[in-house]
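Take a look at the structure set out below.
The values are calculated or read from the model by the stated rules, or taken from the named source; none is laboratory data. Given the structure is predicted, the values throughout are model-derived calculations rather than measurements. A quick note on method: Cβ atoms are made from the backbone with ideal geometry, for glycine too, and the neighbour counts reach across all protein chains shown. We work out accessible area using only protein heavy atoms, side chains counted, and drop any ligands, DNA or RNA first. Shrake-Rupley method; radii C 1.70, N 1.55, O 1.52, S 1.80 Å.
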Amino acid sequence: MQSVFELVNRHQPWRDARGLRYAPDSDGCQYRLSRQYRIAFDGDPDAVRAFVREVLQDEVSDSLCENQAAALDDFRFIVDIALKPGCLDLEKEAVRRAIQDRSDPAWSLQELDVAHRVYLRGAAEIDADSYVRDMVNPVIHTWRLHDSAAM
């Protein structure tokens, strides 16, 4: 089985996206960040959900969405950024270690993917490719660009 969990900080406001670019312009774009965990597993889905709530989610600050296309509304694009296989991904290793330390017999991890999501919105036309070009290092990152119109 596979589940996708997305965690969004409830208290994080939309921010000016000029800081995401090398050559900032005044396109009026804003962004918010989230973390997405794609977990392939064998066993009890409720036990996986419990692990995510207990270990990955900050119950006070984070909203948890499961198996949804997007955790936020009112966006134009989403950029999913992850480290390529073979790169040292400390967050992924920490999650794997937490799973091993718990040794929950109700489920076992088959595969784990961690991505950081950047939601972009703005009143003006957004050149999403220019944001991707400035945020992503193609040597170490994989990325996917999602248009809200296609979701």
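Counting other C-beta atoms within 10 Å, and keeping those with at most 15, which DSSP coil GluC sites (Glu not before Pro) do you find in the range 1-77?
Working: sites: GLU6, GLU54, GLU59, GLU66; in loops: GLU59.
When the GluC sites (Glu not before Pro) of the range 1-77 are filtered for loop state and at most 15 Cβ neighbours within 10 Å, GLU59 remain.
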Quick check: pseudo-label points 7 Å beyond the Cα along Cα→Cβ at ASP73 and MET1, how many nm apart are they? 2.9 nm
Based on the Cβ-Cβ distance of LYS92 and ASP127, what FRET efficiency does E = 1/(1 + (r/R0)^6) give at R0 = 41 Å, to the nearest 0.05? 0.85
For the range 20-36, 3J(HN,Hα) per residue [Karplus equation, 6.51 cos²θ - 1.76 cosθ + 1.60, θ = phi - 60°, Hz, x = Gly/Pro]: 8, 10, 6, 10, x, 10, 9, 7, x, 6, 10, 9, 9, 10, 8, 10, 10
In degrees, nearest 10, the alpha-carbon axis of helix 90-102 is tilted away from the dominant principal axis of the alpha carbons of the chain by 20 degrees
Is there a quick way to get the dipole size of the range 1-112? I mean about its Cα centre, with the Cβ of Lys and Arg at +1 and of Asp and Glu at -1; what is the value in debye to the nearest 20? 360 debye
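Using the heavy atoms of the protein chains alone and a 1.4 angstrom probe, what is the accessible area of the range 1-135 per residue in square angstrom? Before the final figure, lay out the partial values.
On the way: 7340 Å² over 135 residues.
With the other protein chains kept in place, the range 1-135 gives 54 Å² per residue.
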If you take the charge dipole of the chain about its Cα centre, with +1 on Lys and Arg Cβ and -1 on Asp and Glu Cβ, which of TYR31, GLN57, VAL95 is farthest toward its positive end? TYR31
Reported to two decimal places, what Rg/Rh ratio describes the range 79-151 when computed on Cα atoms with Rh from the Kirkwood expression? 1.10
If I take R0 = 22 Å and measure r between the Cβ atoms of GLU59 and ALA106 in this structure, what FRET efficiency does the formula 1/(1 + (r/R0)^6) give, to the nearest 0.05? 0.55
Given a 1.4 angstrom probe, I'd like the percentage of the accessible area of the chain that is carbon and sulfur, rounded to a whole number. 48 percent
CD proxy, 222 nm, the chain: helix-only mean residue ellipticity via -39,500 (n - 2.57) per DSSP H run with n ≥ 4, per residue, nearest 500, stands at -5500 deg cm²/dmol
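Any chance you could tell me what percent of the C-alpha pair distances in the range 1-75 go past 17 Å?
Details: 1478 of 2775 pairs.
Percentage above 17 Å: 53.
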The chain, Kirkwood Rh and Cα Rg, ratio Rg/Rh at 0.99
Could you give me the percent of Cα pairs per 10 Å distance bin for the range 48-120, shortest bin first, beginning at zero and ending with the bin that holds the maximum distance? 14, 43, 36, 7, 0
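If you take the beta carbon distance between ASP46 and LYS84 as r and set R0 to 35 Å, what does 1/(1 + (r/R0)^6) give as a FRET efficiency, to the nearest 0.05?
On the way: r = 32 Å, r/R0 = 0.92.
The value I calculate is 0.60.
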Please find, in a Gaussian network model of the chain (springs between Cα atoms separated by less than 10 Å), the residue of GLY19, GLY86, GLY28 whose mean-square fluctuation is greatest. GLY86
